[in-house]
1. Would you be able to tell me the number of residues in the stretch B:272-284 that are assigned to a strand (DSSP E or B) and either modelled with pLDDT under 95 or within 13 Å of another protein chain (Cβ to nearest Cβ) (or both)?
2. How many residues are in a loop (DSSP other than H, G, I, E, B) and more than 7 Å from chain A (Cβ to nearest Cβ) if we restrict to the stretch B:319-337?
3. Which number in (1) surrounded by fewer than 17 Cβ atoms within 10 Å (Cβ to Cβ); (2) assigned to a helix (DSSP H, G or I); (3) of a type in the set (Val, Ile, Thr) marks the one condition that A:VAL451 misses?
4. Looking at the stretch B:11-44 only, could you name the residues that are facing chain A (nearest Cβ under 10 Å), crowded, with 18+ Cβ neighbours inside 10 Å and charged (D, E, K, R)?
5. Within the group A:LEU395, A:LEU383, which residue is outside any helix (DSSP H, G or I), facing chain B (nearest Cβ under 7 Å) and either touching a residue at least 60 places away in the same chain (Cβ under 8 Å) or not charged (D, E, K, R) (or both)?
6. Does at least one position in the stretch B:397-417 carry a residue that is surrounded by fewer than 17 Cβ atoms within 10 Å (Cβ to Cβ), under 18 Å from B:ARG5 (Cα atoms), of a type in the set (S, T, N, Q) and out of contact with any Lys or Arg (no Cβ under 6 Å at 6 or more places or on another chain)?
7. Could you check how many residues of the stretch B:285-318 are within 11 Å of another protein chain (Cβ to nearest Cβ), surrounded by fewer than 24 Cβ atoms within 10 Å (Cβ to Cβ) and either of a type in the set (Ser, Thr, Tyr) or touching a Pro at 6+ places or on another chain (Cβ under 9 Å) (or both)?
8. May I ask you to list the residues in the stretch B:409-426 that are over 26 Å from the mean Cα position of the chain (by Cα) and either in a loop (DSSP other than H, G, I, E, B) or in contact (Cβ under 8 Å) with a residue 40 or more places away in the chain (or both)?
There are 2 protein chains.
Amino acid sequence: MWKNRFKPYDILSGEEVEVIHEQAMTILEEIGVDFLHERARAVFQKAGMPIEENRVRLDRAMVLEMAAKAPSTFDLQARNPSRSVTLGGNNVVTAPVYGPPFITDLERGRRGATIEDFNNFDKMAQAIDQIHCAGGTTVEPEDLPLGTRHLDMLYSHIRWTDKPFMGSVISADNARDTIEMASIVFGGREKIEKTPGVMSLINVNSPLRYDDRMLGALLEYTEVGQPVIVTPFLMAGAMSPMGLAGSIAQQTAEALAGIALVQLMRPGTPTVYGSFLTNTDMQSGSPAFGTPESAMGIFASAQMARHYKVPFRGGGALTSSKGPDAQAAYESMMCMWPTILGGVHFVLHAAGWLESALLASYEKFIIDVEALRMFEWMLQKGLPVDDEGMAMDALREVGPGGHFLGSEHTLRNYRTGFYRPWISSTENYDRWNRMGAKTADVVAADRWKKVLAEYPDPGIDAGIDEQLREFIAKRRLEIGND
Amino acid sequence: MWKNRFKPYDILSGEEVEVIHEQAMTILEEIGVDFLHERARAVFQKAGMPIEENRVRLDRAMVLEMAAKAPSTFDLQARNPSRSVTLGGNNVVTAPVYGPPFITDLERGRRGATIEDFNNFDKMAQAIDQIHCAGGTTVEPEDLPLGTRHLDMLYSHIRWTDKPFMGSVISADNARDTIEMASIVFGGREKIEKTPGVMSLINVNSPLRYDDRMLGALLEYTEVGQPVIVTPFLMAGAMSPMGLAGSIAQQTAEALAGIALVQLMRPGTPTVYGSFLTNTDMQSGSPAFGTPESAMGIFASAQMARHYKVPFRGGGALTSSKGPDAQAAYESMMCMWPTILGGVHFVLHAAGWLESALLASYEKFIIDVEALRMFEWMLQKGLPVDDEGMAMDALREVGPGGHFLGSEHTLRNYRTGFYRPWISSTENYDRWNRMGAKTADVVAADRWKKVLAEYPDPGIDAGIDEQLREFIAKRRLEIGND
């Protein structure tokens, strides 16, 4: 977890925030939102909201009252308490890519992801300080049966990392399994009800629709006070309009609808305003990541979440590129700067994403971490305007035409004074050429192998491990392998 | 030229600006600056500044009085008046890389640059709207004699582009040649004295030293009111201290010293506070570009220039990478975001830079332009919060569970509503693979060849062309070819 020393950059005027807010309220009241789950509709009915079939029209007074009950910051436990995190405030928490069915590396190329890849991503997440949360479905382990895959993924997060992790959202059953395993890890359900032990990603089936499976999971997590990130899924031009401001109004309506549902059920349960917003490339019809629209969308969406004083998830190292090339890097940085300066609290997809979320990459993971390390340096060190930062002694010592390499001040500071690159090459051409003329993807390939080879196993309490294994074995029998 | 709709991001508090200002003044008064040119020292002597040998100690009252005489905005002519630019205010003006002796492209590899490469960079600068100024020594044409090379470079800028260009700063003689050629282009010396016709880059031989050649050029340009960008050349840890804030104080002192010299000579002459500030990688001893220090340095330096209300040059697409790979892209973007959000007015090195300024690249030029196109889109289009941007009609038309691709609003906007990529791939994997699985550098290689093939020659007035050729022929004879 980082403290973000930079004040958030407001891209919208106060008046523009009001216009977007006003439209979000109009959408909720006039158009409404479909909730494809009876229990969810019952919650709204009890709150007096008008309902026709699946459609709920949400009164703005209720929505704002409920949004105000959502805590502006909350803690999420890790089994290593020193790795527990706080969401909200001026904190930044990072997690790897989420969702890709495919994986690639320079040697083996693009292929279906497996549980071995999943384990490896957990091991990299554990080994690398700039990743604060192990994440959720970092890659889809396509070699495992669909019905029980979530158990293996959760076990991997818990066993190979001691960082916070994310839950399964495929169904209510999966959510219950997640809660059960988190309870085992943290010493019982009361413990995680007191301080959350698992956070989950609830996507909205945009526009303006929550499906039954996601709602099933949301309801389970809410009952035991485990935080959900309510995330409208917007490719503007397809799931939202070709107006960026209007898309953010829709997103705000959708996020607040989910947050209101949680707060109506269990006031004070942690909820996060999530954003997964980019535009469609209208020429190819495909989603485009790392675009000007996504950059401005991150700034504006984070600003809207601040308006409601709820923690915000958005941004990440997003790209449409098919490999860890220059496009992957510039598109990722188009999103990462707004992520950091916009004041995003939870950064899913901070490392490893390629090909519009279809592809995870070992090399891209490492390349993204180099960028994370640079942002971390800025956030932690900043630009200190103090005696050591001002270095007046060095200026007096060296004077016109001199050289600072040998000055007292430099000798005091040279180990820690400036950022030290992890994979970036600063060496001269001849030396670089002699060492193999390695481009960044090749350097990254060397590096992830080294990270995995040196992976520091955090171990696990034998009793907890046994309980987890027993639970998983029992559930495997109950579910059956399809 | 772009209008920057984003308000500049202030990384320093007002108090911190004062601390840095105070130290800059102390450096000028107590340590002083070496000016290795008698005429420059005479100017300061006349102003009552104490001088010992080459060392001038500059009184803060004088410096601030002179800085206040520098215009906060000024115009720079192009021979096509629609391409003239304004420096300062909320304008952003871009120019290509400046200085590399080597050039590379994917086919031919790294080699000494030639005048053909120089012409090609001018043709790309002309063809591409996101490059506003043809620049100066985009690459060093190593195949031409050193003594007359500047004439060929100036002719190339003038002939192959109709955009503003930069002058030679190698010596007073070269500056006079530049002024002569600019006078031919713009219809006489009075014309460029009224509205500047050439802008030049005066580097400080940091720390705190102006050498005789650069001062010779500065004096020539100042006499006829042509703007100079006074640019301290700081690799912190070598030419400035290992404290970033102290480096910015030194840079401020150095820049203001040069600006004061110009204003003492010819009050009101346009001057630019320039910054070329990064850190040394203390492990390799090499300069490192696109680092956290350079990113924060751009923000803070731009803020200091705003404090003195003078136009600012800084940032660019800087990198230490040896090829157009992911490192080149993420390091460039580490600098380009602060360049745009920091409110930089003149962005030298906006396209084509590799290998810590030793290497220009055709492919990197194109890759950088894709990033410039994205920033241009943000600056020009922004995030309009108006009826069309809010798209309430589309939201009403589509409703929950629908799709926006066919909505009225989308049909109205799909051509111009969202950014359209130039070289970025958004296509799906199968199609991308079928089309040759091209990484960004390969796509860029195709693109620069197309740009050159379709280069739109602006032509040139035959009379002006003849005068220029006569002048150059005459000077070639006078100088002689070494």
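1. The number of residues fulfilling the criteria is 5.
2. Taking the stretch B:319-337 and keeping what is in a loop (DSSP other than H, G, I, E, B), we get B:319-325.
Narrowing the set further to residues that are more than 7 Å from chain A (Cβ to nearest Cβ) leaves B:319.
Count: 1.
3. Only one criterion is unmet by A:VAL451, namely (1).
4. Once the filter is applied, which keeps residues that are facing chain A (nearest Cβ under 10 Å), crowded, with 18+ Cβ neighbours inside 10 Å and charged (D, E, K, R), the stretch B:11-44 yields B:GLU16, B:ASP34.
5. A:LEU383
6. Checked the stretch B:397-417: no residue is surrounded by fewer than 17 Cβ atoms within 10 Å (Cβ to Cβ), under 18 Å from B:ARG5 (Cα atoms), of a type in the set (S, T, N, Q) and out of contact with any Lys or Arg (no Cβ under 6 Å at 6 or more places or on another chain).
7. Result for the stretch B:285-318: 2.
8. Matches in the stretch B:409-426: B:TYR414, B:ARG415, B:THR416, B:GLY417, B:PHE418, B:SER425, B:THR426.
The values are calculated or read from the model by the stated rules, or taken from the named source; none is laboratory data. A quick note: this is a predicted structure, and the numbers were derived from the prediction, not measured. A quick note on method: Cβ atoms are made from the backbone with ideal geometry, for glycine too, and the neighbour counts reach across all protein chains shown.
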